[in-house]
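The values are calculated or read from the model by the stated rules, or taken from the named source; none is laboratory data. Nothing here was measured: the structure is a model prediction, and the numbers come from that model. All Cβ positions, glycine included, derive from the backbone under ideal geometry; neighbour counts span all protein chains shown.
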């Protein structure tokens, strides 16, 4: 696959392969094609790649219109401009109108780094998760992203792709079997379940390995699709461990913690703890500053696991 590449580069390369054989695929960018790794696609496909300028709401409306003619548009801009700024266009022009638009939000959560709080959409999932008939997907590495693209294209309906732009740690191998609507059980455990997404998967696996040395068995599950969430896998794991921690690069309100809490409150309530942004805005800084600042380190995950196990006992 594209393990050593930035995620934006891997995405563009895979989309290029598909565009060569599928004329339905078109791309729209809001003046960020270079930043999001799609400049070469604009040069290669001048009749199927469009820069709408800094007019994100218009971009979503154009994509919805193109969908009515049978095209499959992929829109792209930074995460806050793909969700907060265009929420009404997504709700009415895309979801309500049942249009087949794929929306990419790049630099989710704290990964906006030096762009700061205005560009750190720590609430994007919460903003659009309540819109009916909208799929929300967050890839963890290049292998998962590349395997997901054909399924996202085959799925008829709107999909929001919450995509980190830069290099990610490898989680999956080339033989990985991806399913858009099925969470990935990365390790089996009996003491606690750790549901994680995006950039929080790697530290979750680190926490699992560290706790294993103490005899604590952690089941790690990558919830790559937040909506519709994989109820079956979540409930089955909670019934086995009777304790749950979630880890996400998002506000703990409205994102993975909320989705898992809603699922388990209905089907199988258990003690829960949450790692994520604790209802705060973002700020300027590199990830190596921001992750500790927002209590999202491997050590923080371990601390929450200890807390929830104590609550279970």
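Hey, among the residues in the range 57-85 that are without any contact (Cβ under 8 Å) to a residue 60 or more places away in the chain and within 19 Å of residue 255 (Cβ to Cβ), which one's surrounded by the fewest Cβ atoms within 10 Å (Cβ to Cβ)?
For the range 57-85, the residue satisfying everything is 84.
Is the range 118-137 home to any residue that is assigned by TED's automatic domain parsing to the domain that holds residue 24 and farther than 18 Å from residue 87 by Cα?
Looking for residues that are assigned by TED's automatic domain parsing to the domain that holds residue 24 and farther than 18 Å from residue 87 by Cα, one finds none in the range 118-137, hence no.
Matching residues to (1) more than 22 Å from the chain's Cα centre (by Cα); (2) surrounded by fewer than 16 Cβ atoms within 10 Å (Cβ to Cβ); (3) not assigned by TED's automatic domain parsing to the domain that holds residue 149:
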| residue | (1), (2), (3) |
| --- | --- |
| 19 | yes, no, no |
| 27 | no, no, no |
| 33 | no, no, no |
| 37 | no, no, no |
| 44 | yes, yes, no |
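For residue 192, work out the one condition from (1) touching a residue at least 60 places away in the same chain (Cβ under 8 Å); (2) under 18 Å from residue 107 (Cβ atoms) it doesn't fulfil.
(2)
Which residues, counting only those in the range 292-313, are closer than 17 Å to residue 114 by Cβ and touching a helix residue (DSSP H, G or I) at 6+ places or on another chain (Cβ under 7 Å)?
294 - this is the single residue of the range 292-313 that is closer than 17 Å to residue 114 by Cβ and touching a helix residue (DSSP H, G or I) at 6+ places or on another chain (Cβ under 7 Å).
For residue 236, state whether it is over 25 Å from residue 134 (Cβ atoms) and either out of contact with any strand residue (DSSP E or B) (no Cβ under 8 Å at 6 or more places or on another chain) or surrounded by fewer than 20 Cβ atoms within 10 Å (Cβ to Cβ) (or both).
It is true that residue 236 is over 25 Å from residue 134 (Cβ atoms) and either out of contact with any strand residue (DSSP E or B) (no Cβ under 8 Å at 6 or more places or on another chain) or surrounded by fewer than 20 Cβ atoms within 10 Å (Cβ to Cβ) (or both).
Considering only the range 206-214, I want to know if a residue exists there that is modelled with pLDDT of 95 or more, within 22 Å of residue 111 (Cβ to Cβ) and outside the structural domain of residue 110 (by TED's automatic domain parsing).
The answer is yes; a qualifying residue exists.
When you scan the range 243-270, how many residues do you find that are out of contact with any strand residue (DSSP E or B) (no Cβ under 6 Å at 6 or more places or on another chain), part of a loop (DSSP other than H, G, I, E, B) and surrounded by 17 or more Cβ atoms within 10 Å (Cβ to Cβ)?
Within the range 243-270, residues that are out of contact with any strand residue (DSSP E or B) (no Cβ under 6 Å at 6 or more places or on another chain), part of a loop (DSSP other than H, G, I, E, B) and surrounded by 17 or more Cβ atoms within 10 Å (Cβ to Cβ) number 1.
Looking only at the range 287-308, how many residues end up being in contact (Cβ under 8 Å) with a residue 40 or more places away in the chain, closer than 16 Å to residue 206 by Cβ and within 20 Å of the chain's Cα centre (by Cα)?
6
Go through (1) touching a strand residue (DSSP E or B) at 6+ places or on another chain (Cβ under 6 Å); (2) at pLDDT below 95 one by one and return the number of the condition residue 121 breaks.
(1)
Quick one: in the range 204-224, which of the residues that are touching a residue at least 60 places away in the same chain (Cβ under 8 Å) and crowded, with 22+ Cβ neighbours inside 10 Å is farthest from the chain's Cα centre (by Cα)?
Among those that are touching a residue at least 60 places away in the same chain (Cβ under 8 Å) and crowded, with 22+ Cβ neighbours inside 10 Å, it is 218.
Select, from 143, 111, 168, the only residue that is over 22 Å from residue 19 (Cα atoms), in contact (Cβ under 8 Å) with a residue 40 or more places away in the chain and assigned by TED's automatic domain parsing to the domain that holds residue 56.
So the residue among 143, 111, 168 that is over 22 Å from residue 19 (Cα atoms), in contact (Cβ under 8 Å) with a residue 40 or more places away in the chain and assigned by TED's automatic domain parsing to the domain that holds residue 56 is 111.
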